Amino acid sequence: MNKKLFPVRQGFHFFRNFRFLAPMFRDARMGKYKKIPWKSAFGIFAAVLYVITPLDLIPEFIIGFGFIDDFAVSMLAMKAIDMDIEHYKMWQKEQEIVP
């Protein structure tokens with residue numbers, strides 16, 4: 001299946017991976033998971049900071065369009081760390097196997 005033909009499916013993939021962000025960073029902070037590149041951590045931090053700050057390219061008060069830039073930044077950040085999340089999911093499965 002060609003991913004370029006199904007961009008909506010890619011969007012759902014990113015939303016499914018979104019739920020792994022908090023556990024991944026929690027495990028990294030606790031010292032259990034040590035494979036997060038600093039660029040990925042910084043990218044997520046920058047994306048969250050952009051979303052929560054009131055300064056935007058498209059202001060939120062423009063109904064219907066105000067959140068487009070926040071959504072785009074979030075999706076770009078998730079796409080940038082997609083492989084890191086996949087590595088974390090494999091690491092999590094390995095941890096379940098090891099007694």
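A count restricted to segment 17-58 and to residues that are under 10 Å from the mean Cα position of the chain (by Cα), assigned to a loop (DSSP other than H, G, I, E, B) and either at pLDDT below 85 or surrounded by fewer than 11 Cβ atoms within 10 Å (Cβ to Cβ) (or both) stands at 1.
Of everything in segment 59-85 that is of a type in the set (V, I, T) and over 14 Å from the mean Cα position of the chain (by Cα), the residue that is surrounded by the most Cβ atoms within 10 Å (Cβ to Cβ) is I68. Pairs linking a residue in segment 43-55 that is of a type in the set (F, W, Y) to a residue that is assigned to a helix (DSSP H, G or I), with Cβ atoms under 8 Å and 6 or more positions apart or on different chains, are Y50/D70; Y50/V73. The set of residues in segment 72-82 being under 17 Å from R19 (Cβ atoms) and assigned to a helix (DSSP H, G or I) consists of S74, M75, A77, M78, K79, D82.
The values are calculated or read from the model by the stated rules, or taken from the named source; none is laboratory data. On a predicted model such as this, the values are computed, not experimentally measured, just so you know. For neighbour counting, all protein chains shown are included, and Cβ atoms are generated from backbone atoms with ideal geometry for every residue, glycine included.
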